[in-house]
Ligand code: C2O
Ligand code: CU
Ligand code: CU
């Protein structure tokens, strides 16, 4: 669904639907009966109106992940609750200088986010700008995972899997199991890849082909990087250029070690084998000389904060600990930030509008946590001992087990209250989330 004359006006209906996945009819939660939901295509400067109708039989709401829009009122306000059998209007103003790229939308009702995303509620948002890369075709690949029980219902997730961060038994690309992507040898393609998995980390390869990484989340690199893997933590996106090799090639997801929740619980809920996500069927006459992306990239709308004067710094500590453990064990693991689980009535970080801050994200646990901040993009400075050599922007950064990450954030443009959290959505629902108020 594409905006026309500066306005995108869409209706999204969240409901339980019968859909076909991998040749089997199953039930899932969908937007407008499809999984993923419709792709919203907008341009900087557009206004977006979404009328969300909730027919789920339980509360929900809507979040536009990664968009730099106001967190207030009926915009990207995750504190709104949309009851079942009601509709709610959302309105967003996309700033004129909004970065281009792939973003996405999903529910954000505390305590139900993981369940609703896992069950199928997500869709992509493309922010388009003229960026002068001539390609044979663009592809949007929304990657997700899900598990169905024998009755074709979304499977119930065990407490153990929630603690570790659930990984679905089936992986989907645009809602399909191992779809076939047709191309000619030498075709030059631009892929926007979205990790919409509830908790799974992705490490993607295209049978060893070299891919040209243009950027991540809402940002572009100053110069593309040649990579053989695309690494995406939950919630993250990549913008890559692919020269299609001759012959059949598979898009593969390799298992990722993201640590474990500790010795006393949680076995190995994570994938241990490679999954074929999609197959490219490459046939026909080789395309003419492949296009090259040597045209200058557009100026980054996100400036380099490394040389700017800081007005503050803070440290946030992500931790896991046993809560209410009985003598026989079996208690719940607690997921905290600075010693607290989420409290909707507590502001955890108060920031002055206009501040430029450096945040140290410390992970004292034995698992990685993908840290996500709403509204304000983070410039990644260093992960553990590895420093970024250029201005790299993210809206989700991985904080490895027993390690730390440094980011800079410019709290400009918007005031209001929003959240930061672990994007292993089971951890978010388990309390690993805090409130930030910018005033
Ligand atoms: Cu993708 Cu707070 O979420
Ligand atoms: Cu978000
Ligand atoms: Cu986590």
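Between 117, 347, 173, find the one with the highest GNM mean-square fluctuation for the chain; connect C-alpha pairs within less than 10 Å.
Fluctuation is largest for 347.
Relative contact order (percent) for region 67-213, with alpha-carbon contacts under 8 angstrom and 6 or more residues of separation?
In percent, rounded to a whole number, it is 23.
Given the chain, what percent of its DSSP beta bridges are antiparallel, to the nearest 5?
Antiparallel bridges make up about 75 percent of those DSSP assigns within the chain.
Sorted by packing (mean other beta-carbon atoms within 10 Å per residue), highest first, where do 26-37, 128-139, 303-314, 422-433 land?
Going by the mean number of other Cβ atoms within 10 Å, highest first, we get 422-433, 26-37, 128-139, 303-314.
Fewest to most neighbouring Cβ within 10 Å: what's the order for 189, 412?
Ordered from fewest to most neighbouring Cβ atoms within 10 Å, 189, 412 come out as 412, 189.
Compute the Rg/Rh shape ratio of the chain: radius of gyration over Kirkwood radius, all on alpha-carbon atoms.
In the chain, Rg relative to Rh is 0.94.
Suppose we take every Cα in region 126-165 and form the convex hull; what volume per residue is that in Å³?
Each residue corresponds to 150 Å³ of Cα convex hull volume.
Taking springs between alpha-carbon atoms closer than 10 angstrom, which of 232, 172, 316 fluctuates most in the Gaussian network model of the chain?
For the chain, modelled as a Gaussian network with Cα springs under 10 Å, the answer is 316.
Quote to one decimal, in nm, the extra length available between residue 147 and residue 129 on full extension: 0.36 nm per residue of separation minus the C-alpha distance between them.
2.8 nm
With an 8 Å Cα cut-off and a minimum separation of 6 or more residues, compute the relative contact order for region 29-149 in percent.
RCO, region 29-149: 34 percent.
P(r) for region 354-439: what percent of alpha-carbon pairs falls in each 5 Å bin, starting at zero?
Calculated over all Cα pairs of region 354-439, the distribution is 3, 14, 24, 26, 18, 11, 3, 0 percent.
If you take every DSSP beta bridge fully contained in region 137-282, what fraction is antiparallel? Give it as a percent rounded to 5.
Restricted to region 137-282, the bridges split so that about 75 percent are antiparallel.
Given Cα pairs under 8 Å that are at least 6 residues apart, what percent is the relative contact order of the chain?
15 percent
How large is the Rg to Rh ratio of region 7-127 when both quantities use alpha carbon positions and Rh follows Kirkwood?
Rounded to two decimals, Rg/Rh equals 0.97.
Throughout, read-outs are computed from the coordinates displayed, never taken from laboratory work. Because the structure is a prediction, the values reported are computed rather than measured. Every residue, glycine among them, receives a Cβ derived from its backbone with ideal geometry; neighbour counts consider all protein chains shown.
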